[in-house]
Amino acid sequence: MTGSSAGEEFAALVARVRADPAVVGAVLSGSQARRGMATGRSDYDVYLVTADGGTSIEERRDSRLDIVVMPLEEFRAHALPGSGCEWNRYSFTYARVLKDRADGLIGELVSAKGALSREEALGMVAASLGEFVNAAYRWLKNHRDGRGTEARLDAAESIPPFLTCVFALHQRVRPYNKYLGWELRHHPLGPPSWSHDRLPPLLATVLSHGAPQTARRLFLDLEPHVRAAGHSAVLDAWGEDLLLLRQGEPPEDLELRRPEPPVR
């Protein structure tokens, strides 16, 4: 549509989708689905779900529309564990269903993708907690031993599992980095330590300095919540190694007789 705006092309697409019986579902994702995130450069990310993949509407990816066409059977598993595209799960958090079947199946599938079940959250907290502690522990060891660059690399690697753990504690999918500030402003996690005013600046300090006190701050903020959620065993498995995360350098004799922690 020469000379038309992205909004006009999106409106035309929606009209075609609603008139096309081969399309059983349509979902708007991305910045346009999240209030306050879209800019003048934002495109419209749309998933079209078909009964058999036979729609005449073609996939497209440009500065105005990003259209993905997917058969229903593929869409059922898309972005869920075992699908191979788990990385795309947050796309369906706060996504808007533009067209649904009479039985509401598309909306149900989008809801299931956009949040974690209790069982998923329990497993994700345990796994990401172990990854975070491992990264933070190695961060502190490298800093202690004068390996500044290595410490900052481990500091950076500690952030993804930390955020995964924090959001999973609330049965929520970790947002893409782009949406972290928006998420914390519009859908707060609750604890003051993870508020929009506190958490992003702390993470910025982790990335810019990798100072040991920030590792301990992240750990001490997280520890009571994961213990309250029933994950004490993950932490307790680290034994005396946790001293380094809680209070700094362990006694010299403890350092000498302590085995290397497992890489988890």
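Rule-based calculations on the coordinates, nothing more; no lab input. Keep in mind the model is a prediction, meaning the values are calculated, not measured. Here the Cβ positions follow ideal geometry from the backbone for every residue, glycine too, while neighbour counts run over all protein chains shown.
Odds and ends about this structure:
- Summing Lys and Arg as +1 and Asp and Glu as -1 over all other residues whose Cβ lies under 13 Å from the Cβ of residue 108 gives a net charge of +1.
- Antiparallel bridges, percent of DSSP beta bridges restricted to the chain (to nearest 5): 65 percent
- Prolate/oblate/rounded call for segment 6-114, Cα gyration tensor, a/c under 1.5 rounded: oblate
- Top positive-direction residue, dipole computed over the chain with Cβ charges, set 215, 125, 38: 38
- Proximity of backbone amide H atoms, modeled 1.01 Å from N, is registered between residue 44 and 65, 66 at under 5 Å, excluding neighbours fewer than 5 places apart on the same chain.
- A simple spin-label model places the labels of residue 86 and residue 39 3.1 nm from each other, with each point 7 Å out along Cα-to-Cβ.
- Residue-count net charge about residue 223 - beta-carbon cut-off 13 Å; Lys, Arg +1, Asp, Glu -1: +2
- Estimated [θ] at 222 nm from DSSP helical runs (n ≥ 4, -39500 (n - 2.57)) normalised by residues in the chain, nearest 500: -15000 deg cm²/dmol
- Shape of segment 118-257, Cα gyration tensor, a/c cut at 1.5: oblate
- Phi-derived couplings, Karplus 6.51 cos²θ - 1.76 cosθ + 1.60 at θ = phi - 60°, listed residue by residue for segment 157-166: 6, 6, 5, x, x, 4, 5, 4, 5, 4 Hz, with x used for Gly and Pro.
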